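What follows is a single structure, written as structure tokens, with notes after it.
The values are calculated or read from the model by the stated rules, or taken from the named source; none is laboratory data. For clarity, every value in this text was computed on a predicted model and none was experimentally measured. So basically every Cβ, Gly included, is an ideal-geometry build from the backbone, and we count neighbours across all protein chains shown.
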Amino acid sequence: MELFEYAKVGEPAPHFEMLCTKNMETLEEVVSLEDYRGKWLILLFYPYDFSFVCPTEILALSNRYDEFEDLNTEILGVSTDSVYSHKAWLQTPEEENGIQGTKYVLASDNNHAVSEAYGVLVEEEGAALRGLFIIDPDGILQYSVIHNMNVGRSVDETLRVLEALQAGGLCSADWEPGEDLL
């Protein structure tokens with residue numbers, strides 16, 4: 001039996017290397033956790049390309065990408081689909097259920113190792129649950145939320161949690177950026 005390193009908040013994030021859409025011509029570029037050292041990373045797992053809820057999330061994050069950049073944060077979308085499927089989806093207009101114009105890279109976990117390490121793999125389907133992980137500039141996993149495939153995630157809440165983590169203190173329930181820390 002093969003042993004896997006599993007994602008745990010407060011511990012180093014599991015290493016990953018995956019083919020991605022950084023170079024849309026060759027689709028041969030690999031993205032790794034080390035590429036994000038010195039920046040915050042939103043690692044966003046989603047079930048399937050060309051599905052119903054997924055494009056709403058991908059585009060909602062992309063529409064607010066500048067806000068993440070202002071917080072020294074990158075976004076990496078991950079599914080178990082191939083980079084070829086990602087490319088086709090990225091080139092498909094929104095009105096045809098595509099995500100054309102997305103401002104961040106999608107990675108392919110088609111061997112399921114990364115989804116397994118982050119605890120989001122649904123083995124029977126070969127797909128990932130909706131998992132959102134925030135990794136700090138030192139590669140430490142600071143936040144993890146995983147839920148079923150039928151509910152999309154909130155960009156507002158993701159930004160709120162990111163800013164709370166970056167605030168460096170105790171943040172009360174419903175804390176908003178600019179409010180006092182406890």
Condition set part of a helix (DSSP H, G or I) and of a type outside the set (A, V, I, L, M, F, W, C), scope the range 59-75, selection surrounded by the fewest Cβ atoms within 10 Å (Cβ to Cβ): answer is 70
Quick count over the range 151-179, residues being surrounded by 17 or more Cβ atoms within 10 Å (Cβ to Cβ), closer than 14 Å to residue 67 by Cβ and without any contact (Cβ under 8 Å) to a residue 40 or more places away in the chain, is 1
Any residue at all in the range 126-140 that is of a type in the set (Phe, Trp, Tyr), crowded, with 22+ Cβ neighbours inside 10 Å, within 25 Å of residue 10 (Cα to Cα) and in contact with a Leu (Cβ under 6 Å, 6 or more places away or on another chain)? yes
Per the filter on the range 44-62, residues of a type outside the set (D, E, K, R) and touching a helix residue (DSSP H, G or I) at 6+ places or on another chain (Cβ under 8 Å) are 44, 45, 46, 47, 48, 50, 55, 59, 60, 61
Note: among 117, 60, 113, just one is closer than 22 Å to residue 163 by Cβ, more than 12 Å from the chain's Cα centre (by Cα) and among the hydrophobic types (A, V, I, L, M, F, W, C), namely 60
Self-check item: Check on residue 45, within 18 Å of residue 153 (Cα to Cα), surrounded by fewer than 16 Cβ atoms within 10 Å (Cβ to Cβ) and of a type outside the set (S, T, N, Q)
Solution: no
Screening 92, 56 for residues that are surrounded by fewer than 23 Cβ atoms within 10 Å (Cβ to Cβ), closer than 23 Å to residue 26 by Cβ and among the β-branched types (Val, Ile, Thr) leaves only 92
* Asked: Does residue 9 fit the bill of being surrounded by fewer than 16 Cβ atoms within 10 Å (Cβ to Cβ), of a type in the set (A, V, I, L, M, F, W, C), within 25 Å of residue 160 (Cα to Cα) and in contact (Cβ under 8 Å) with a residue 40 or more places away in the chain?
  -> yes
Among residues of the range 7-22 being aliphatic (A, V, I, L, M) and under 14 Å from the mean Cα position of the chain (by Cα), the residue modelled with the lowest pLDDT is 7
Next on the checklist: Just to be sure before I move on: is residue 97 in contact with a Pro (Cβ under 7 Å, 6 or more places away or on another chain) and touching a residue at least 40 places away in the same chain (Cβ under 8 Å) in the structure I sent?
Outcome noted: yes
